[in-house]
Structures are given as structure tokens and as C-alpha cells.
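The values are calculated or read from the model by the stated rules, or taken from the named source; none is laboratory data. If you're wondering where the values come from, they're calculated on a predicted model, not measured in any experiment. Virtual Cβ from ideal backbone geometry, glycine too; neighbours counted across all protein chains shown. Ligands, DNA and RNA are stripped out before the accessible areas are found, and what is left, the full protein with its side chains, is counted by its heavy atoms. Shrake-Rupley method; radii C 1.70, N 1.55, O 1.52, S 1.80 Å.
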Amino acid sequence: MDFELSKELTALKKEVRAFAEEKIRPMADQLDKEARFPRELFAEMGKRGYLGLPFSEEYGGKGMGTLAYMTAAEEIARVSLGVALSYVATISIGTEPIARYGSPEQKEKFLRPLAEGRELAAFGLTEKTAGSDAKGIEMTAEKVGDDYILNGTKQWITNANYASIITVAAITGYKPSGEKIISAIIVPMDTAGITVTSPYDKMGARSSDTGEITFKNVRVPKENLLGQETDGLKQLLNVLNGGRISIAAISVGLAQDAFDKALRHSGERVQFDGPIRQFESVQFKLADMLTETEAARLLVQRASLLKDSGETYIKEAAMAKVFASETATKNANRAMQILGGTGYMRPAQVERLIRDAKILEIGEGTSEIQRLVIARQLFKEEGENK
Ligand SMILES: Cc1cc2nc3c(=O)[nH]c(=O)nc-3n(C[C@H](O)[C@H](O)[C@H](O)COP(=O)(O)OP(=O)(O)OC[C@H]3O[C@@H](n4cnc5c(N)ncnc54)[C@H](O)[C@@H]3O)c2cc1C
């Protein structure tokens, strides 16, 4: 076992950190304040190859694998969770369905511009009636001749206003039992009948774009179906399993930033004739922050390596997500406590961490759903080992 990153990944980490510190950090607060999505930063990340890190070189990606991508995601989240959320959404849930399940033609047409970093992608599962319960969707895709005609509304969709394509979950029919047949269909966002609005005022991750997308008689060719009609739900849930590793990675980035800020302040702030790190209560907080951040990073790394080796990683991805996201929230709160009143003021950038962290425990499956997934996998493995 090797607990060190390879030379290649160490160099990537250093490069992304320098980019994030130089280009993203100076504007992170302003983006948060204005709730502005920095499309120009994504253009630059695209040129640098960051949007194609895990995808095959055959289709314009960097072919560096999941761990490289998670290493970059962590570094971006260390400076802006909002930017990082859009970054992992375009890769893990926007582009991944096509990379994983697309035909060679679909990959050439849709994956290449995404992996080359020229375009962004979105993923549309959530609707008013379908949050944790994906089967609650009402959006339909009716087959008419050689086309599907889509009708419905997707809510809270990351990158909705900037994506060139979205992969949506839609009902294409019913089984004899009455159960919905849920299919995954690629929809170019410039197709007639699509309307995007941004009716949300978010608590955190404000520089990430979030929109509502309405589909009214949107016609796409049947060639845009991913795999078989009956595969859709399984494909999308598999994609979310991978997406969870990336939410865990950006949680580690935020947790690390909170720790760094708390550590620095504990050495600078003097009370009772010495820096506040002289107090055991501050030391214990710092010790817990560092321990849990490093544990979360190891969980991310293990899930990433399992994914790349083609092994099952459902339980490990859920464990990484629930532990890392809860660590991010805890560290943001601990950092605020160590910074005291200074942390309560916006310039210290700690109140933003508290607002940003919460989405990590909700998006791509809440903490409760992660625990359900872990328990189900646990019982399944127990059954298999009997
Ligand atoms: C900023 C943001 C960006 C998002 N981006 C996207 C996107 O790009 N694409 C997309 O498709 N979706 C997106 N989502 C939706 C997100 O994935 C959902 O919010 C999430 O899956 C939870 O669904 P919900 O919010 O409807 O909560 P609900 O499902 O209504 O859950 C509410 C509460 O009930 C609990 N609960 C529900 N079912 C169970 C159960 N079986 N057992 C125990 N507890 C349960 C939950 O854990 C939670 O505490 C986004 C959401 C936000 C806020």
C-alpha cells in the first residue's frame, strides 16, 4: 500500500493549487456575494485539461483517472466550494453518463467537446415530486416515429444556464406491473421547447449555477437514448455512486481550508498573554479537524482507486461522502469557534464555509440516504459471505 500520491499526481496537485490560489481565490468572495457563475474560469480550466482529467484520451480527455480528478476537485474546493460544485457536476454527473454508457457515435458527438473542456454538461433527475426517491419523476419521453418528445420540469439543476447538453431521466413507458420504465436521454440545451429560469436564492455555493429547466414538446432523435430504455434508472443511480466520491473530495477541500484558517488564527490571536493555541480546548479542536480531514481524504482515495480498478465501490463512495461532508460542516463550525467574532465577520471567509458546507450533506443523496446505501451494501455482502 502506498499512502503518497505519485509524482504525476503530486505535480497536478501543485499545479491546480497554484491556479486556484491565483485565479479563483481573489474572486471567490465577490462571486459568492453576486451569486455569479464564472464561465470564464471554466474556459480556462477547460484549456488546462481539468475538465477532461478522468476521461479517455480517445475522446479528448486526459486519461488520468479518478484519483487525479479528485485531487484537482479538492484543490478547487479549498478556495471556492461554489466553483468546485459546478466543476464536479459537469464532470461526474454531466459528462460521466455519456463516457460510461454512450455509444461510440454519442461519445464522438457529445463527450469530445466536454472532455476537451469546450463545453459544460448537466444532469437532470430531480423534480418537484422526485428528490431522494428517483422513481417519483413525472417527466415523460414519448416515442413518436424516430424521435422522443419530452415534457416535464427538472428543478435545482447545477449548470442549467451554461450546459450545452443535459442527460435527463424520463418515463418512456410502463411495465405490465405498472412500474415506470425510466430512461436516460441526452438533450442538447439549444433544442426548441427548452426554457431555463433561475428562481433560486441559495444559502451557499452561490457561485455555482442552479436552474429550473422546463421541457415543452422537446423533440430529440431516438439516437440520443443512452443504452436501452429499461437501463435508465440503473445507469443514473450508478452515475450518482461515482458522483458521491467527487462530493466527498470537494468536502475534503472545504474541511482543509477551514482547518488552515483555524490553525493560522490560533497562532496569531493573543489572549491572556499568549496565542489562543495555548488552550487545550483550541488544541483539541485543531487535532480533531486535522484527523477527520485526513481520514476523509483516505476514504476518497480508497473509493477512487476501487472505481479505477473496476471493483465495486458503492459502499465506499457512500462512506466517503457521508463522512467527508459531515467533516466539512463540523470543521467550518469549529473554525468559526476558533476565530470567534473575527470569524463571524465576512472578510475572514469562514461564514462562507458554513453556508457552503451544508449542501454537501444534501446534494447527490442526503446523509440519511448514504447511511441507507451503506447498510444495504453491508447486508448484501453479509448474505454473499454466508
Ligand atoms: C444546490 C443544489 C444543486 C443540485 N443539483 C442537482 C443536479 O444538478 N441534478 C439533479 O438531478 N438534482 C440536483 N439537486 C437535487 C439534490 O440531489 C436533492 O436535493 C437531493 O437528492 C435530496 O432531495 P430533496 O432535496 O428533494 O430531499 P427529500 O428527498 O425531500 O428529503 C428530505 C429529508 O427526508 C429524508 N429522507 C427522504 N427519504 C428518506 C428515506 N428513505 N430514509 C430516510 N430519510 C429520508 C432526507 O434524508 C432529508 O433529510 C440539487 C440540489 C441543490 C440544493
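To the nearest 10 square angstrom, what accessible area does residue 345 show with a 1.4 Å probe?
Ignoring ligands and nucleic acids, residue 345 comes out at about 110 Å².
What's the carbon and sulfur percent of the range 133-193's accessible surface, probe 1.4 angstrom, rounded to a whole number?
That share works out to 49 percent.
Can you give the Rg and Dmax of the chain based on its C-alpha atoms, in angstrom?
21.2, 80
Figure the gain on full extension for residue 203 and residue 142 (residue separation times 0.36 nm, minus the Cα-Cα span) and round it to one decimal in nm.
Once the chain is fully extended between residue 203 and residue 142, it gains 18.3 nm.
Please check which bits of the range 44-81 a label hung off residue 2 would reach, taking the label as a point 7 Å along Cα-to-C-beta and the cut-off as backbone N under 14 Å.
What the label zone holds, given the 14 Å backbone N cut-off, is 67-68.
Which value, in Å² and to the nearest 10, is the accessible area of residue 380 when all protein chains are kept and the probe is 1.4 Å?
Here the accessible area works out near 110 Å².
Determine the gain in length on full extension of the stretch residue 237-residue 190; use 0.36 nm per residue of separation and subtract their C-alpha separation, reporting nm with one decimal.
Computed gain between residue 237 and residue 190 is 14.3 nm.
Quick check for me: using +1 on Lys/Arg Cβ and -1 on Asp/Glu Cβ, what's the dipole size of the chain about its Cα centre, in debye to the nearest 20?
440
Identify which of 25, 376, 244 has the largest mean-square fluctuation in a Gaussian network model of the chain, with springs joining Cα atoms closer than 10 Å.
The residue that fluctuates most here is 376.
Given the C-alpha centroids of the range 323-386 and the range 50-121, what is the distance between them in whole angstrom?
Using only Cα atoms to place each centre, the spacing works out to 24 Å.
Could you sort 183-192, 197-206, 117-126 so that the peptide with the highest average Cβ count within 10 Å comes first and the rest follow in order?
Per-residue mean Cβ counts within 10 Å order the peptides as 117-126, 183-192, 197-206.
At 1.4 Å probe size, with the rest of the protein present, what percent of the exposed accessible area of the range 238-386 is carbon and sulfur atoms?
Of all accessible area on the range 238-386, carbon and sulfur atoms account for 57 percent.
If you average 1/r across every pair of different Cα atoms in the range 193-244 and take the reciprocal, what Kirkwood value do you get, in Å?
14.1
Can you list, largest first and rounded to whole Å, the semi-axes you get for the range 16-126 by taking the square root of 5 times each eigenvalue of its Cα gyration tensor?
Result for the range 16-126: semi-axes of 24, 15, 12 Å.
What ³J(HN,Hα) values, in whole Hz, does the Karplus curve 6.51 cos²θ - 1.76 cosθ + 1.60 give for the range 124-136 when θ = phi - 60°, with x put for Gly and Pro?
These are the phi-based 3J(HN,Hα) values: x, 10, 5, 9, 4, 9, 9, x, 4, 9, 4, 6, x Hz.
Compare the peptides 65-75, 291-301, 33-43, 265-275 by average per-residue count of other Cβ atoms within 10 angstrom and give them in order, highest first.
Put in order of decreasing packing, that is 65-75, 291-301, 33-43, 265-275.
Hey, what's the Cα Rg ratio for the range 138-200 versus the globular rule of thumb, 2.2 N^0.38 Å?
1.21
At a probe radius of 1.4 Å, what is the per-residue accessible area of residue 307, in Å² to the nearest 10?
We get 50 Å² for residue 307.
Within the range 9-36, whose backbone N sits under 15 Å from a point 7 Å along Cα→Cβ of residue 264?
18, 20-29
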